[in-house]
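The values are calculated or read from the model by the stated rules, or taken from the named source; none is laboratory data. Source: prediction; values computed, not measured. We place every Cβ from the backbone using ideal geometry, glycine too, and count neighbours over all the protein chains shown. Ligands, DNA and RNA are stripped out before the accessible areas are found, and what is left, the full protein with its side chains, is counted by its heavy atoms. Shrake-Rupley method; radii C 1.70, N 1.55, O 1.52, S 1.80 Å.
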Amino acid sequence: MILIRDATLVTPTQHAEDAAVLTDGRLIKSVGHDAVQHAPPGALEIDASGLLLVPGYIDLQLNGAFGDDFTADPSTIWAVSAGLPRFGVTSYLPTIVTSPLETVEAARVEVLNGRPPGYRGAEPLGLHVEGPFLNIEKKGAHNPIYLRAPDNAAVSGWSPAGGVRLVTLAPELPGATALIEELASRGVVVSAGHSMASYAEALAGIAAGVTYGTHLFNAMPSINHRAPGLPAALLTRPEVTVGLIPDGIHVHPAVIAIIWALKGPQGTNLVSDAMAALGMPPGAYLLNDFGVTVSETDCRLADGTLAGSILPIDQAVRNLIAMTGCSLPEALATTTTTPARLLGISDQRGDIAPGLIADMLLLTPELEVHTTIAAGDIVYERIRQ
């Protein structure tokens, strides 16, 4: 058991000074004064004076980190997962980009089912499969030789129980509507992205079951006042949540402020879209089988195309506050309650309440990660100065 005492509790749903939380195994047992009263002798006590206690971050789009790329080598998922708590990630979707379908099968069947004994770290909740059903005109950093038409037979076994949580596709492609309906019926979150969809085509995709937009404004047409296209459909439909990379490179801060005004904390989901260079120095890295040059600020193919990011999710939260002036509870929602609701796991993760999995962070007043607790284990502690 872990007893956290004297923290300032901040979540999208509650705020309390000098709060206490008691864990019992993987779960939160109690929150508030009862936590102290129910703590048994021998419980590990953490004095969190001066720190903020918040829910652990959930990242729905992460391609790799620490020099490893999930698509090039899905077997690296667990090693990377163990290192992600330093950024506040307690659960996430390893993302497999456009590649042979055998790569997806290896990741979802072999790797995700091969949990290492005694594993401690961020929890892979299932895959985000980004492609191969994408529009070649908006392929971005995806290898066009693997792109293919939507095909229900190609996604046999894709479901949350089968290791696939989210699929990004272009809703305007022939056969996409049937595939959207099939995946949505299985409980998979279907996202529109890497697409040239018109406004009408986007609305048809949403009617079929699209509930998410992958990295809004990137790899899709710009809004035109006479041809609003996919971005306008994603922004104006209240049932759709939009993914956003707030690094100041993928989307200008002024546009992020517009998105925030339209979608707010319940409709905005911050993602890192991080690639292998996350947590590494600038240099040459891989995104699947493409070489990527990474600077101090961005990641690009040889032709200048953006190829993921090096944005840690904790920095994304800080950036959103700076760019929009939103409150901390609002910013937290975009990486906790909002992605949990989208995935249908609000009864397990995304908040701090009795019965939920004990995924929590202690942050400094500057919102930097001090301590990460994942499933009741302390998996990261910042080195004390």
Item checked: Rounded to the nearest 10 Å², the accessible area of residue 236 at probe 1.4 Å -> 80
Checklist line | Carbon plus sulfur fraction of accessible area for region 246-385, probe 1.4 Å, in percent | finding: 55
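Let me check against my output: what whole-number percent is the relative contact order of region 345-385, with C-alpha pairs under 8 Å and at least 6 apart? Write down the numbers at each step before the final one.
Details: 53 pairs, mean separation 10.4, N = 41.
Relative contact order for region 345-385 comes out at 25 percent.
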Next item on the list: Tabulate in residue order the Karplus-calculated ³J(HN,Hα) for region 21-30, using 6.51 cos²θ - 1.76 cosθ + 1.60 with θ = phi - 60°, rounded to whole Hz; enter x for Gly and Pro.
Entry: 9, 10, 9, 9, x, 7, 10, 7, 8, 7
Notebook entry, point to check: Short version: ³J(HN,Hα) in whole Hz for each residue of region 101-116, in order, from phi by Karplus 6.51 cos²θ - 1.76 cosθ + 1.60 (θ = phi - 60°), x for Gly and Pro, what are they?
Noted result: 4, 4, 5, 4, 4, 4, 5, 7, 8, 8, 6, 5, 8, x, 4, x
Next item on the list: Specify which labelled value, from (i) 21.5; (ii) 18.0; (iii) 17.1, agrees with mean projected area of the Cα convex hull in nm² derived from the coordinates of the model shown.
Entry: (ii)
Next item on the list: Give the carbon-plus-sulfur fraction of the accessible surface of region 4-49 in %, rounded to a whole number; probe 1.4 Å, heavy atoms of protein chains only.
Entry: 47
Note to self: Take residue 161 and residue 222, extend 7 Å from each Cα along the Cα→Cβ direction, and tell me the distance between the two endpoints in nm.
What the structure shows: 4.7
Notebook entry, point to check: What nm distance separates the two modelled labels at residue 120 and residue 152, each placed 7 Å from Cα along Cα→Cβ?
Noted result: 4.7
Next item on the list: Tell me what the chain gives for mean residue ellipticity at 222 nm when only DSSP H runs of n ≥ 4 count, each as -39,500 (n - 2.57), the sum divided by the residue total, rounded to 500 deg cm²/dmol.
Entry: -6000 deg cm²/dmol
Check: Using the alpha-carbon atoms, what tilt in degrees (0 to 90, nearest 10) does helix 176-185 show relative to the longest principal axis of the chain?
Finding: 30
Next item on the list: Using 0.36 nm per residue of separation minus the Cα-Cα distance, give me the extension gain between residue 1 and residue 296 in nm, one decimal.
Entry: 102.1 nm
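If each residue of separation counts as 0.36 nm, what is the full-extension length gain between residue 257 and residue 66 once their alpha-carbon separation is subtracted?
Details: separation 191, 0.36 × 191 = 68.76 nm, distance 3.10 nm.
Result for the pair: 65.7 nm of gain on full extension.
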Next item on the list: May I ask you to list the aspartates and glutamates whose Cα is less than 16 Å away from that of residue 263, ignoring any residue fewer than eight positions away on the same chain?
Entry: 239, 330
Checklist line | Estimated FRET transfer efficiency when R0 is 56 angstrom, pair residue 249-residue 33 (beta carbons, to 0.05) | finding: 0.80
Check: Could you give me the ³J(HN,Hα) list for region 149-159, computed from phi with Karplus coefficients 6.51, -1.76, 1.60 and θ = phi - 60°, whole Hz, x at Gly and Pro?
Finding: 6, x, 8, 4, 5, 6, 10, 4, x, 6, 6
Next item on the list: List the residues whose amide H sits under 5 Å from the amide H of residue 242, counting only those 5 or more places along or on another chain, with H placed 1.01 Å from N in the peptide plane.
Entry: 213, 268, 269
Item checked: Positive-pole candidate from 84, 118, 232, dipole of the chain, charges at beta carbon -> 232
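Return the Rg/Rh ratio of region 174-227 with Cα-based radii and a Kirkwood Rh.
Values: Rg = 11.4 Å, Rh = 11.6 Å.
Reported Rg/Rh (Cα atoms, Kirkwood Rh): 0.98.
What percent does the relative contact order of the chain come to when contacts are Cα pairs within less than 8 Å and at least six residues apart? Show your work: numbers first, answer last.
Values: 952 pairs, mean separation 79.5, N = 385.
Relative CO of the chain lands at 21 percent.
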